[in-house]
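In what follows, a structure is listed as structure tokens, so that the remarks can point back to it.
The values are calculated or read from the model by the stated rules, or taken from the named source; none is laboratory data. It should be emphasised that the depicted structure is a prediction, and the values quoted were computed from it without experimental measurement. Neighbour counts run over all protein chains shown; Cβ positions are idealised from the backbone, glycine included.
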């Protein structure tokens, strides 16, 4: 999956930027497109039937808040409701859809659990926080501009 590229139509080709959590494959990670726009991704299914990912536009500020334990994982995914995608690969075809209540509703079983935070060791995500701090836009309203 490390070479996986998602083609999200008008948003462009998404490639993995940083892996935040992985098992035998990336589970929770960020992607970027050709314009360096940032996207938050979670692999919500990986079995013999299919692989599924939820992808949403995000900001460096949201990622930092999440890594510092100031924002729940689910909340990070729900910040930018205007850019929420589902990618389903059944090993024969790949389907990409925009949104979908089953995946993006408050009671979705595909999103991380409510009130689930990153429980990191001290400085575990220090390098990532520095990386995303450098990515931050110069606008104080980055979240409002990208997510509304």
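One table, with the values for the structure above:
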| read-out | value |
| --- | --- |
| Condition met for residue 122 (loosely packed, with under 14 Cβ neighbours inside 10 Å, touching a helix residue (DSSP H, G or I) at 6+ places or on another chain (Cβ under 9 Å) and either free of Cβ contacts under 8 Å to residues at least 24 places away in the same chain or part of a helix (DSSP H, G or I) (or both)) | no |
| Subset of region 61-83 (residues that are surrounded by 19 or more Cβ atoms within 10 Å (Cβ to Cβ) and in contact with a strand residue (DSSP E or B) (Cβ under 7 Å, 6 or more places away or on another chain)) | 63, 76, 77, 80 |
| Test: residue in region 85-96 that is more than 25 Å from residue 5 (Cβ to Cβ) and without any contact (Cβ under 8 Å) to a residue 40 or more places away in the chain | no |
| Region 93-110 - residue that is out of contact with any helix residue (DSSP H, G or I) (no Cβ under 9 Å at 6 or more places or on another chain) and in a loop (DSSP other than H, G, I, E, B) and, of those, modelled with the lowest pLDDT | 99 |
| Of all residues making up region 36-60, the number that are under 21 Å from residue 120 (Cβ atoms) and crowded, with 20+ Cβ neighbours inside 10 Å | 7 |
